[in-house]
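Below is one structure, written out as structure tokens, with a few remarks after it.
The values are calculated or read from the model by the stated rules, or taken from the named source; none is laboratory data. Predicted model only: the values in this text are computed from it and were never measured. Cβ: placed from backbone, ideal geometry, glycine included. Neighbour counts: every protein chain shown. We work out accessible area using only protein heavy atoms, side chains counted, and drop any ligands, DNA or RNA first. Shrake-Rupley method; radii C 1.70, N 1.55, O 1.52, S 1.80 Å.
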Amino acid sequence: MKSTTTTGPTATDSGAASGSASATGSAGASAAGFTADPTTASATRPAAASTTASATGSAADPSASTDLSAESPAEPPTAAFPAGPATGDDPSPERLRRWRLVLGGDAADGTGHGLSGRDAAMDGALGALYGKGDKEGRPRAGHERSAGLGASAPAVARWLGDIRTYFPSSVVQVMQRDAIDRLGLSALLLEPEMLEAVEADVHLVGTLLSLNKAMPDTVKETARAVVRKVVEDLEKRLATRTRAALTGALDRSARIARPRHHDIDWNRTIAANLKHYLPEYGTVVPERLVGYGRASRSVKKEVILCVDQSGSMAASVVYASVFGAVLASMRSISTRLVVFDTAVVDLTGQLDDPVDVLFGTQLGGGTDINRALAYCQARITRPAETVVVLISDLYEGGIRQEMLKRVAAMKASGVQFVALLALSDEGAPAYDREHAAALAALGAPAFACTPELFPEVMAAAIEKRQLPVPDTG
């Protein structure tokens with residue numbers, strides 16, 4: 001049993017206590033650690049990375065909303081139901097309904113309230129995933145909800161259709177991930193009807209890529225369509241900002257000695273002329289102007305994306321492929337994409353289609369960062385104009401000291417070296433802290449980067465200025 005602590009004025013009926021009380025509920029819709037206020041009947045979770053969205057929650061009132069949050073794939077979304085009228089100490093049917101949906105219908109929920117219509121269907125969809133049952137999904141004694149979607153793809157496809165009816169897209173994605181993790185439904189993704197029913201997102205793409213080698217030909221086209229939809233959505237979201245940030249950085253990195261007035265880089269000009277400071281006038285008389293140039297269509301910078309394709313880096317592989325395609329579309333940047341585990345694969349020739357890039361990867365396996373960096377180092381022809389981006393959790397299965405020596409050698413030659421622990425929305429993964437500290441000592445701090453921050457990171461590397469490392473304190 002999971003327990004929830006309720007605070008505030010509560011109705012004293014059916015086991016609900018006034019003041020501060022403790023209530024126990026099913027794992028079907030609540031998780032340890034959220035606080036419920038029956039005055040608003042909202043359930044909130046700890047400030048961990050969570051997904052919150054609205055969904056229709058009332059059979060009687062289709063405009064009513066339900067807020068669900070998910071902390072991790074191991075916990076279900078938490079429901080918050082719309083406030084209804086309260087009359088003193090007598091709990092209204094609406095209040096009892098909301099508590100019943102939050103607590104999951106266990107014998108100890110204390111509401112004595114039954115569900116029907118849309119509410120019952122919503123409770124069934126939650127119970128199929130988060131209820132307590134045996135391994136076959138049969139309910140245990142005393143539990144109304146039970147977890148289990150069965151082993152058939154049609155049954156799971158129907159469930160996927162149900163949750164899309166009752167919950168918003170962001171919550172559907174959380175529940176899909178939980179179903180795959182909690183109930184072991186990865187194999188069912190190899191069924192065409194399952195792929196047609198799922199809500200596509202980056203995590204689903206990662207799961208499909210991990211199943212790529214086991215995927216029958218009858219499913220591959222459907223899988224590619226799912227992956228393409230996600231990739232196109234990411235490109236729409238990220239491409240314009242990335243091109244704008246990098247175009248500006250390329251312009252600013254091309255310095256000229258006789259700039260026009262609007263092209264003067266005042267910070268660099270002042271720094272270059274401090275010896276001409278006139279204290280009596282409180283001003284600097286510039287003898288030499290430093291200005292921005294305008295990047296021509298010729299290649300100005302070379303970027304090498306070196307991406308770890310071990311299983312834990314699935315989301316990073318997806319985002320790196322999309323960014324690689326965006327960078328490759330810019331004439332002033334020569335882009336190379338290299339993925340590695342214990343072997344190294346150069347996917348540069350497929351960058352015109354990130355879907356081909358993704359299906360060219362093979363998630364899982366070991367990691368040899370040293371071998372991958374050796375491959376990249378051998379292809380650097382203009383060190384001072386090259387940015388190498390290593391995306392890895394830094395768990396090295398190769399030769400550690402050789403890896404660090406390669407990084408030091410590249411930096412000494414003028415290469416801008418960037419180490420990202422992850423390129424995703426999920427924050428920092430588990431990573432090798434010893435290797436991260438060693439890279440930081442070489443002047444290459446390792447940090448997790450979101451897709452929104454990545455254009456700024458690349459712009460800073462191109463301009464050879466300090467990287468915008470997020471504050472993790």
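At-a-glance table
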read-out: Qualifying position, being in contact (Cβ under 8 Å) with a residue 24 or more places away in the chain and either in contact with a Pro (Cβ under 6 Å, 6 or more places away or on another chain) or of a type outside the set (K, R) (or both), among T348, T269, T335; value: T335
read-out: Qualifying residue in the stretch 380-402 (condition: surrounded by fewer than 16 Cβ atoms within 10 Å (Cβ to Cβ), over 24 Å from A428 (Cα atoms) and in contact (Cβ under 8 Å) with a residue 60 or more places away in the chain); value: yes
read-out: Checking A244 against (1) over 14 Å from A325 (Cα atoms); (2) buried (at least 18 other Cβ atoms within 10 Å of the Cβ); (3) not β-branched (V, I, T), the condition it does not meet; value: (2)
read-out: Selection within the stretch 85-117 - open to solvent by 20 Å² or more (accessible area, probe 1.4 Å), in a loop (DSSP other than H, G, I, E, B) and either touching a helix residue (DSSP H, G or I) at 6+ places or on another chain (Cβ under 9 Å) or modelled with pLDDT of 75 or more (or both); value: P85, A86, D109, G110, G112, H113, G114, L115, S116
read-out: Exclusive hit being under 30 Å from K301 (Cα atoms) and out of contact with any His (no Cβ under 8 Å at 6 or more places or on another chain), set K213, K236, K220, K229; value: K236
read-out: Matching residues in the stretch 178-211 - criterion: being modelled with pLDDT of 80 or more and open to solvent by 40 Å² or more (accessible area, probe 1.4 Å); value: E199, H203, S210
read-out: Test: A147 is aliphatic (A, V, I, L, M), over 30 Å from V202 (Cβ atoms) and either open to solvent by 30 Å² or more (accessible area, probe 1.4 Å) or at pLDDT below 50 (or both); value: no
read-out: Residues of the stretch 171-218 that turn out to be more than 23 Å from the chain's Cα centre (by Cα) and either at positive phi or not aliphatic (A, V, I, L, M) (or both), as a count; value: 7
read-out: Meets criteria (among the small types (G, A, S), farther than 21 Å from F340 by Cβ and either in contact (Cβ under 8 Å) with a residue 24 or more places away in the chain or exposed (fewer than 14 other Cβ atoms within 10 Å of the Cβ) (or both)) for A430; value: no
read-out: The stretch 212-229 - residue that is touching a Phe, Trp or Tyr at 6+ places or on another chain (Cβ under 8 Å) and open to solvent by less than 40 Å² (accessible area, probe 1.4 Å) and, of those, nearest to D352 (Cα to Cα); value: V227
read-out: Q416 vs. criteria more than 23 Å from G364 (Cβ to Cβ) and under 28 Å from the mean Cα position of the chain (by Cα); value: yes
read-out: Condition check for A444: touching a Gly at 6+ places or on another chain (Cβ under 8 Å) and crowded, with 18+ Cβ neighbours inside 10 Å; value: no
read-out: Residues located in the stretch 448-459, provided they are open to solvent by less than 10 Å² (accessible area, probe 1.4 Å) and in contact with a strand residue (DSSP E or B) (Cβ under 9 Å, 6 or more places away or on another chain); value: C449, P451, F454, V457, M458
read-out: Residue pairs meeting the criteria (Cβ under 7 Å; at least 6 apart or on separate chains; first closer than 18 Å to V230 by Cβ, in the stretch 157-173; second at pLDDT below 80 and open to solvent by 30 Å² or more (accessible area, probe 1.4 Å)); value: P168/S54; S170/T51; V171/T51; V172/R164
read-out: Count - residues of the stretch 339-369 that are on the phi > 0 side of the Ramachandran plot and open to solvent by 40 Å² or more (accessible area, probe 1.4 Å); value: 1
